[in-house]
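Every read-out reported here was derived from the displayed coordinates using simple, explicitly stated rules and does not represent laboratory data. Remember, it's a predicted structure, so these values are computed and weren't measured experimentally. Positions of Cβ are backbone-derived with ideal geometry, glycine not excepted, and every protein chain shown enters the neighbour counts.
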Amino acid sequence: MYLNLKAWAVSEIHVNITTILNLDTQEKSLRKEIEIHGNIDKKQLAQILLVASKCPIHILLEKNITITSSISII
């Protein structure tokens, strides 16, 4: 939705979520990897990561679990 409003040259977005359990501490965390297929610059990439962190589901989960995010252009 955000990318459509900005009309940025992105053809696909893939998000992979991995659940991580620390066996010593029993702490659970999520690893979120965002892959962007398109032609965007580093400033736009940073803006997409910021918008992704404001997702209501991300905010809800973040209160109870650690989420580590990465983003890349493919």
Total residues in the range 12-49, condition under 19 Å from SER72 (Cβ atoms) and loosely packed, with under 10 Cβ neighbours inside 10 Å: 3
- line: Per the filter on the range 63-74, residues surrounded by fewer than 14 Cβ atoms within 10 Å (Cβ to Cβ), outside any loop (DSSP other than H, G, I, E, B) and out of contact with any Ser or Thr (no Cβ under 8 Å at 6 or more places or on another chain) are SER70, SER72
- request: Within the range 20-51, count every residue that is touching a residue at least 24 places away in the same chain (Cβ under 8 Å) and either over 10 Å from the mean Cα position of the chain (by Cα) or over 19 Å from GLU62 (Cβ atoms) (or both).
  value: 12
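Could you list, in sequence order, all residues of the range 52-62 that are out of contact with any His (no Cβ under 8 Å at 6 or more places or on another chain) and either in contact (Cβ under 8 Å) with a residue 40 or more places away in the chain or in a helix (DSSP H, G or I) (or both)?
Correct list: SER53, PRO56, ILE57, HIS58, ILE59, LEU60, LEU61, GLU62.
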